[in-house]
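Scroll down for the structure; my scribbles are underneath it.
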Amino acid sequence: MTIAMKLGDLRIEVVRKDIKNLHLSVHPPNGRVRIAVPRHVSDDAIRAFTIGKLAWIRQRRTKLQEQEREAPREFIDRETHYVWGRRCLLRVIESDGAPTVDWQAQRLTLHVRPGTDPVQRAAVLESWYRTQLRSATASLIPRWEATLRVGVSRCYVQRMRTRWGSCNPVARSIRLNTDLAKKPRACLEYVLVHEMTHLLQPGHGARFVELMDRFLPGWQHRRTLLNRLPLRHHDWLC
């Protein structure tokens, strides 16, 4: 069941679910606030919890609203795209045969069949980015498993609208946003280590920070870099 709660000028979407803990999230592009709560939690308890998080909510909303976003992509010649933080010009070649993507220095070449529309072109490029990310993590994960002394059962690569990554400590699995293949490799390593550290410490408290400082010194600089880079343009559903 979903209800709306008002706190001053702030509208909050409250979703009651069969879960154990409250989960607060602020969603792009305009900072929609959502709280998933256990079914037994009272409205007064939800309100008290939210009031305690107001400063964080407003800070997060401001950051989302101010963050630069990519222009909509049309997947045409000489359009700008990014691979591992490098600016590339797209070249589209129509020919018979299976769709492929070639990347050389500052050139990204998309081979598609004649008549392929922008949605289909986007799907081909999205699949290529997923392959790039899987290839990069194939070497990074074993190295960090040895360093952190943890085991990752599975790494999923998928399009994610509100997160760069996530971790399920129980299943020992992690998920990574496909768009990380567009960012500098240092950003991917930061997100990967962040999520793998959650296998040792689920929360973001003092011990989590201590572990990150120990295993990846200067990780805050990587986080800042990632957060300053433009976000993908979406046809957002608000």
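The values are calculated or read from the model by the stated rules, or taken from the named source; none is laboratory data. A quick note: this is a predicted structure, and the numbers were derived from the prediction, not measured. When we count neighbours, we look across all protein chains shown, and the Cβ atoms used for this are built from the backbone with ideal geometry, even at glycine. Surface areas here come from the heavy atoms of the whole protein model, side chains and all, with no ligands, DNA or RNA. Shrake-Rupley method; radii C 1.70, N 1.55, O 1.52, S 1.80 Å.
Every residue, every condition in (1) free of Cβ contacts under 8 Å to residues at least 24 places away in the same chain; (2) within 13 Å of S153 (Cβ to Cβ); (3) among the acidic types (D, E), yes or no:
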| residue | (1), (2), (3) |
| --- | --- |
| A171 | yes, yes, no |
| R175 | yes, yes, no |
| A181 | no, no, no |
| C187 | no, no, no |
| R207 | yes, no, no |
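Just give me the residues in the range 166-192 being basic (K, R) and either more than 19 Å from F208 (Cβ to Cβ) or not in a loop (DSSP other than H, G, I, E, B) (or both), in sequence order.
In the first step, residues of the range 166-192 are kept if they are basic (K, R); the result is 172, 175, 182-183, 185.
Of everything in the range 166-192, those that are basic (K, R) and either more than 19 Å from F208 (Cβ to Cβ) or not in a loop (DSSP other than H, G, I, E, B) (or both) turn out to be R175, K182, K183, R185.
For E195, the stated conditions do not hold, so it cannot be described as farther than 30 Å from W103 by Cβ and either in contact (Cβ under 8 Å) with a residue 12 or more places away in the chain or part of a helix (DSSP H, G or I) (or both). Restricting the range 89-108 to residues that are farther than 15 Å from W128 by Cβ and under 25 Å from the mean Cα position of the chain (by Cα) leaves a set whose member that is least open to solvent (accessible area, probe 1.4 Å) is L89. Summed over the range 172-216, residues that are touching a helix residue (DSSP H, G or I) at 6+ places or on another chain (Cβ under 7 Å), open to solvent by 10 Å² or more (accessible area, probe 1.4 Å) and of a type in the set (S, T, N, Q) total 1. Tallying residues that are in contact (Cβ under 8 Å) with a residue 40 or more places away in the chain and touching a Ser or Thr at 6+ places or on another chain (Cβ under 8 Å) within the range 11-57 yields 4.
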